[in-house]
């Protein structure tokens, strides 16, 4: 079996040695490169899976390297290593993302073995072999399934809704994550059929937990092509009528960038969905580049703060100020606020103090298959009853 390759780019031999000692036991081949020139001399990067990059090198800086990696079409996951403050590290990560690189995260020096291992083991591994014909067959065979993650009201602890996160349970490849097929579905014209299939699946799944007495709403993500599909509101209305599901039990989530791509079509589709009674949520708020003037014209009922802000609120003043400002603005516009990326009790406590309405994240549950989500709901319901009594 060929081992994955990790490049360790740092002018400090001790840091390279520490990183190597951590990742080699994880079945990696590790190559040490003291600087930018060594990287350029190495040759093609097609065999590289992970790059650990120091932001400050003797012969260049990390941002120059990120730009060069993007120019080479690098597909490896990139982790930044630095002794700079977290704000600068976070900015550098955003620069890498803007160049289209797969940024795995940042590590502060001195690096901790646990953080390195988590970064390595949780990195996305792109499935480069999927083609349109295979995906079309998967859609026809109904291999797409949902994993559900609860959204919990902070004040009461009640589960208000569950986000439906699509997975492709391929008979050939196993479980395939959306980053590896959503773009293909869009570019190959498969998204309309996929959207209808997923909406049917979400409504069918909600009926299953409804039989256990749970009125929890289901939240489904809409793609860019769905927001210019002017017939979509009518199809959703018909689906709701057929299964007897009230419209307010469905939330349609769209990312900020997607909603801004064609604001006229988005206004048309989203307004008609709201007229029918569905909730409309703006996802990943704060990561796009739209103006507030554009945003306020769209009929959102819910705003989701991106996890990149939420996960730092317990230790980064700027993140906390931004989250506080978003919550206040959203409430002034009569929007419910959901915080994504809630992983600790401290996150939840601070969000409660800031007046956030709803929390979503690993603190409550990872995305899980339908049967495990129903089990979570039952356990959560019992625990809530005990806490009240």
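Some observations on this one:
- Helix 86-98 axis versus longest C-alpha principal axis of the chain: approximately 80°, rounded to the nearest ten.
- For segment 20-86, the spread of Cα coordinates along the three principal axes comes to 29, 29, 19 Å, biggest extent given first.
- The angle separating the long axis of helix 13-23 from the principal Cα axis of greatest extent in the chain is about 50 degrees.
- Residue list for segment 336-366, given a label point 7 angstrom along the Cα-to-Cβ vector of residue 328 and an amide N cut-off under 17 Å: 337, 351-357
- The chain: most fluctuating residue of 199, 135, 333 per GNM, C-alpha cutoff 10 Å: 333
- The chain, relative contact order [Cα under 8 Å, separation at least 6], %: 11
- Cα gyration tensor, segment 66-176 - rounded (a/c under 1.5), prolate or oblate: oblate
- Calculated FRET value between residue 140 and residue 71, using beta carbons and R₀ = 41 Å, to 0.05: 0.55
- Across segment 5-121, C-alpha contacts under 8 Å between residues 6 or more apart give a mean separation that, scaled by the residue count, equals a relative contact order of 24 percent.
- DSSP beta bridge pairing in segment 5-121, given as percent antiparallel to the nearest 5: 10
- Computed lengthening from residue 238 to residue 261, 0.36 nm per intervening residue step minus Cα-Cα distance: 5.6 nm
- Projected-area mean, the chain, by convex hull of Cα positions, square nanometres: 20.7
- FRET efficiency for residue 375 and residue 345, using Cβ-Cβ distance with R0 set to 25 Å, rounded to 0.05: 0.65
- D_trans [Stokes-Einstein, Kirkwood Rh over alpha-carbon pairs] for segment 307-364, 4 °C, 1.567 mPa s, µm² s⁻¹: 117
- Descending principal axes extents, segment 5-121, alpha-carbon based, whole Å: 32, 31, 27
- Distance between the 7 Å Cα→Cβ label points at residue 317 and residue 156: 3.8 nm.
- The chain, helix-only ellipticity at 222 nm - DSSP H runs n ≥ 4, -39,500 (n - 2.57), divided by all residues, nearest 500: -13000 deg cm²/dmol
- For the pair residue 366 and residue 207 in one chain, pulling the backbone fully straight at 0.36 nm per residue adds 55.1 nm over the alpha carbon distance.
- Extent along principal axes [Cα atoms of segment 169-250; Å; largest to smallest]: 37, 33, 16
- In plain terms, the chain from residue 27 to residue 187 could stretch by 54.0 nm, reckoned as 0.36 nm per residue minus the Cα-Cα distance.
- Among beta bridges identified by DSSP and lying wholly in segment 161-304, the antiparallel ones come to about 15 percent.
FYI, it's all coordinate maths here, none of it is from the lab. All values reported here derive from a predicted model rather than from experimental measurement. In this analysis, Cβ positions are derived from the backbone assuming ideal geometry, glycine residues included, and neighbour counts consider all displayed protein chains.
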